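Asker: Pasting a structure below so you can have a look.
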Amino acid sequence: MITRREAVCVLSSASALAFLNTVRGSAAKFLSSVSAAEPATSRSAAKDDAVPALAPGAPMSAQREALIEAFKEKSVGIPEKFEARTFKGDGDMPYRLFKPEAGAGAGGKLPLVIYLHGSGGLGDDNEKQMGLGNIFGTRVFALPENQKRFPCYVLAPQTDRGWASYDFSQRPARPLAQLGDGSKMALRVIDALRREFPIDDRRIYVTGQSMGGVGVWNLTAYRQKFFAAAIPCCGSAGADDVTLSADTPVWAFQGDADDTVPVATSRERIAVLRKAGAHPLYTEYAGVGHNVWEWAYTEPALIEWIFAQRR
């Protein structure tokens, strides 16, 4: 049995579980089917799949990067508003919880947003999932301007074994088609919070990046008809049947210059969903690398879109 420390080392050294050898064959095959003339800013295979209007400016423009810098500045101090907690049950899971101000929602039930960290957040210190690149996904929903319009709870759990399921006896760890240990624990935390707070079961959302992105696919596959919407960012390779997530509204994000998670990984998932009759949204940024979450979570339309979805 691999230890927790070994699991963290394996997952971290894989740079968010790139699994390049696993996906290289399917990636090459899929890339050959994608037209080189197709725009790389926002790919849409059907009219119904058109994404909301994106922020002005080309992805790598000074105008767009200024939006990212502005987010960093105005989100300073947000982490201190998250309460540090630990779920204790069949295994423990540390997590941070943002609670809306008293009186928000006029006494009614409020949404819950779950953010799944990338490999940089692995551990059990209840801190790493709030720092580094995770600052965008944890802070955006708790910004005062967004809480004013869409008050909600924000949950940032932390795993030390990954969100999806993996065979750690192999190097790199091989993804397995089943609910992951991290996802199982996150669901227990979610259910506990639903009992403790006035959370609207019709408005529970999940998002995550890289390793957390594949966690989003894992959760929506094995807890169907539960999440009102999902936002995976550069989700690393997984073994789960993507069609199991077809009933969940999805807006996926990917950079076409990502050298950690091949762009074909996201393209293939979206193609499979569309073939299954689903209508996922997909935004692919030209010239953007693995840190696509900086663009995704600073899209002004993202907040409007996610809270418009409900079960």
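Read-outs throughout are calculated quantities, based only on the coordinates presented, and are distinct from any laboratory measurement. Predicted model only: the values in this text are computed from it and were never measured. FYI the Cβ positions are ideal-geometry reconstructions off the backbone, even for glycines, and counts take in every protein chain you see.
Asker: Just for the Cα atoms in the range 217-274, what are the lengths along the principal axes, largest first, rounded to whole Å?
Answerer: Here the spans come out as 33, 19, 18 Å, largest first.
Asker: If you take all C-alpha pairs in the range 144-240, what percent of them are over 19 Å apart?
Answerer: So the portion of pairs separated by more than 19 Å is 43 percent.
Asker: Still on this model: Among Tyr115, Tyr153, which comes first, then next, by fewest other beta-carbon atoms within 10 Å? Numbers along the way, then the final one.
Answerer: On the way: Tyr115 30, Tyr153 23.
If I rank by nearby Cβ atoms, fewest first, I get Tyr153, Tyr115.
Asker: Calculate, in nm to one decimal, what Asp125 and Gln170 gain on full extension: separation in residues at 0.36 nm each, minus their alpha carbon distance.
Answerer: Working: separation 45, 0.36 × 45 = 16.20 nm, distance 2.63 nm.
Between Asp125 and Gln170, full extension yields 13.6 nm more.
Asker: So which of Lys184/Lys225; Lys148/Lys225; Lys88/Lys184; Lys81/Lys148; Lys74/Lys148; Lys109/Lys225 end up more than 21 Å apart, counting from Cα to Cα?
Answerer: Values: Lys184/Lys225 16 Å; Lys148/Lys225 28 Å; Lys88/Lys184 13 Å; Lys81/Lys148 15 Å; Lys74/Lys148 15 Å; Lys109/Lys225 19 Å.
Pairs exceeding the cut-off: Lys148/Lys225.
Asker: Hey, another quick one. Give me the dipole magnitude in Debye, nearest 20, for the range 178-311 about the Cα centre, with unit charges on the beta carbon: positive for Lys and Arg, negative for Asp and Glu. Intermediate values should be presented prior to the final figure.
Answerer: On the way: 14 positive and 16 negative charges, 132 e Å.
Once rounded to the nearest 20, the dipole reads 640 debye.
Asker: What is the order of Trp305, Trp295, Trp217, fewest Cβ neighbours within 10 Å to most?
Answerer: Values: Trp305 16, Trp295 23, Trp217 28.
Least crowded to most crowded, the residues run Trp305, Trp295, Trp217.
Asker: Quick one, what does Rg over Rh come out to for the range 208-311 if you take C-alpha atoms and the Kirkwood Rh?
Answerer: Across the range 208-311, the Cα-based Rg/Rh ratio is 0.93.
Asker: Continuing with the same structure: Taking 0.36 nm per residue of separation and subtracting the Cα-Cα distance, what length does fully extending Asp259 through Asp247 add?
Answerer: On the way: separation 12, 0.36 × 12 = 4.32 nm, distance 3.00 nm.
1.3 nm is the gain from fully extending Asp259 to Asp247.
Asker: Let me know the volume per residue of the alpha-carbon convex hull for the range 112-171, in Å³.
Answerer: On the way: hull volume 5.0 nm³, N = 60.
Cα convex hull per residue, to the nearest whole number: 83 Å³.
Asker: Shifting gears a bit: Set the Förster radius R0 to 45 Å, insert the Cβ-Cβ distance between Ala102 and Ala62 as r into 1/(1 + (r/R0)^6), and round the FRET efficiency to 0.05.
Answerer: On the way: r = 41 Å, r/R0 = 0.91.
Efficiency for this residue pair is about 0.65.
Asker: Then there is this: If all Cα-Cα distances of the range 159-201 are sorted into 5 Å bins from 0 onward, what percent lands in each bin, rounded to whole numbers?
Answerer: 6, 21, 21, 17, 13, 10, 6, 5, 1
Asker: With an 8 Å Cα cut-off and a minimum separation of 6 or more residues, compute the relative contact order for the range 54-190 in percent. Please report the intermediate quantities before stating the final value.
Answerer: Values: 197 pairs, mean separation 31.5, N = 137.
Reported as a whole number, the value is 23 percent.
Asker: If you don't mind, another one. Taking just the alpha-carbon atoms of the range 77-219, what radius of gyration and Dmax come out, in angstrom?
Answerer: Computed over the Cα atoms of the range 77-219, radius of gyration and Dmax are 14.9, 52 Å.
Asker: Under 8 Å for C-alpha pairs, at least 6 residues apart: give me the relative contact order for the range 204-307, rounded to a whole percent.
Answerer: On the way: 206 pairs, mean separation 26.2, N = 104.
Relative contact order here is 25 percent.
Asker: Sticking with this one: In which sequence would Ser266, Ser210, Ser61 go, from the one with the fewest C-beta neighbours within 10 Å to the one with the most?
Answerer: On the way: Ser266 27, Ser210 31, Ser61 13.
Sorted ascending by nearby Cβ count, the order is Ser61, Ser266, Ser210.
Asker: When the Karplus curve 6.51 cos²θ - 1.76 cosθ + 1.60 is applied with θ = phi - 60°, which whole-Hz ³J(HN,Hα) does each residue of the range 276-291 get, with x for Gly and Pro?
Answerer: Once θ is set to phi - 60°, the couplings for the range 276-291 become 7, x, 7, 10, x, 8, 9, 10, 10, 9, 6, x, 8, x, 5, 7 Hz.
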